[in-house]
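Chemist: Once you've had a glance at the structure underneath, I'll fire off some questions.
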Amino acid sequence: MSPILELRGVGKRFGGLQALQDVSFEVRRGEILGLIGPNGAGKTTLFSTLVGLHRADAGTIQLEGRNLVGLKPHRIARLGLTKTFQNVALFMDTDVLDNVVIGALLHHPLPEARVRALACLERVGLASIAHKRAGDLSFPERARVEVARALSTEPKLLLLDEVMAALNAVEMAEMMDLIRALRADGLTVIVVEHHMKAIMALCDRIVALSFGRLLAVGSPDEIVRHPDVVTAYLGRAYAE
Ligand SMILES: Nc1ncnc2c1ncn2[C@@H]1O[C@H](COP(=O)(O)OP(=O)(O)O)[C@@H](O)[C@H]1O
Ligand SMILES: [Mg+2]
């Protein structure tokens, strides 16, 4: 089966800083792919480049064979590629439902968008707090609203940027169950996450970045033993 997403030689420079360099990999349809790397490796930049918030200055990015480089974020979202934001950027003074309706408006006019948004809140287990003020939510609720908002744009490929960052072990396990359920619904998911146990348990394959370059791509077992990944990121303890 052809890959859902294909990156070839992707580069992104911010002034003198080469944030991404010659990044090439494929994302298989229906997989949960982990994206790991030390702070500053370029993970968020890669997500932002994929969804059109940054424009790649080298290489090609194709979603189901269609070029994405140069397209505006809303066009890319319409094609089925959406990301959550790393430092949860909800509109705190509006209610949960309105935060999710924003995404649904991409495909539907208002009355229908509200229905779709509510369905997305139901999907993440938050329908009962649809009318709570976003600013009053707990961290796990905020993370789920972020996922619901991304879902409301009806993605085929969903990029999750550290949605488990503020969660405890139980909340993290619940989020992992949700991510697996979304995959079972037919989504392809790329997950950025620092917590290696979560990544190992959740992902079919893992891409490792360091200083904007691809270090390795492989199964969790291959990645955890990969000498360059161990040196750059994991430390000896993970390899043993
Ligand atoms: N908008 C930007 N302008 C300038 N430099 C940036 C910008 N975004 C990220 N960077 C830099 O690019 C590098 C990669 O950052 P980032 O993608 O956020 O890494 P990660 O998500 O892996 O921690 C870092 O050195 C960061 O400071
Ligand atoms: Mg980041």
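Chemist: Only four residue types carry charge here, +1 at the Cβ of Lys and Arg and -1 at the Cβ of Asp and Glu. Report the dipole size of the chain about the Cα centre in Debye, rounded to the nearest 20.
Modeler: Working: 28 positive and 27 negative charges, 128 e Å.
Dipole about the Cα centre, nearest 20: 620 debye.
Chemist: When averaged across all projection directions, what area in nm² does the alpha-carbon convex hull of segment 172-240 cover? Mind dumping the intermediate values first?
Modeler: Working: hull surface 19.3 nm².
Averaged projected hull area, Cα only: 4.8 nm².
Chemist: Which pairs break 22 Å Cα to Cα here: 43/132; 12/197; 12/156; 132/156; 72/132; 12/43? Mind dumping the intermediate values first?
Modeler: Working: 43/132 32 Å; 12/197 30 Å; 12/156 24 Å; 132/156 28 Å; 72/132 32 Å; 12/43 12 Å.
Cα-Cα > 22 Å for 43/132; 12/197; 12/156; 132/156; 72/132; rest within.
Chemist: May I ask you to give the average projected area over all directions of the convex hull of the Cα atoms of segment 88-154, in nm² rounded to one decimal? Spell out each step's value before the answer.
Modeler: Numbers: hull surface 14.8 nm².
Spelled out: convex hull of the Cα atoms, projected over all directions, averaged, 3.7 nm².
Chemist: Another one. How high is the FRET efficiency between residue 231 and residue 200 when r is their beta carbon distance and R₀ equals 30 Å, given to the nearest 0.05? Working shown, then result.
Modeler: Working: r = 18 Å, r/R0 = 0.61.
Efficiency at R0 = 30 Å is approximately 0.95.
Chemist: Here's something else I'd like to know. Could you check the simple spin-label distance between residue 2 and residue 57, using points 7 Å along Cα→Cβ, in nm with one decimal?
Modeler: Result: 3.1 nm between the two label points.
Chemist: Right, next: Using Cβ counts within 10 Å as a stand-in for footprinting exposure, how do 106, 71, 33 rank, fewest first?
Modeler: 106, 71, 33
Chemist: Mind sorting 60, 188 by how few other Cβ atoms lie within 10 Å of their own Cβ, fewest first? It would help to have the intermediate numbers written out before the result.
Modeler: Values: 60 14, 188 23.
Fewest-to-most ranking of 60, 188: 60, 188.
Chemist: In the chain, what % of DSSP beta bridges are antiparallel (nearest 5)?
Modeler: Numbers: 20 of 36 bridges.
The antiparallel fraction comes to roughly 55 percent.
Chemist: When every alpha-carbon pair in segment 44-153 is counted, what percent end up more than 23 Å apart? Don't skip to the answer; put the middle values down first.
Modeler: Working: 1932 of 5995 pairs.
Of the Cα pairs, 32 percent sit more than 23 Å apart.
Chemist: Taking amide H positions as placed in the peptide plane 1.01 Å from N, state which residues far from residue 34 in sequence (5 or more) or on other chains have amide H under 5 Å from it.
Modeler: Under 5 Å from the amide H of residue 34 lie the amide H atoms of 191, 204, 205, 206, 207, each far enough along the sequence or on another chain.
Chemist: Tell me the Rg and the Dmax, in Å, that the Cα atoms of the chain produce.
Modeler: Answer for the chain, Rg first and Dmax second: 17.5, 55 Å.
Chemist: So what's the net charge close to residue 58: Lys and Arg +1, Asp and Glu -1, counting the other residues with Cβ under 11 Å from its Cβ? Before the final figure, lay out the partial values.
Modeler: Details: positive: 8, 12, 13, 55; negative: 22, 57.
Around residue 58, the surrounding residues sum to +2.
Computed from the coordinates by the stated procedures, all read-outs in this text should not be read as laboratory data. The model shown is predicted, which means the values in this text are computed figures rather than measured ones. Glycine also receives a Cβ, built like all others from the backbone with ideal geometry; neighbour counts cover every protein chain displayed.
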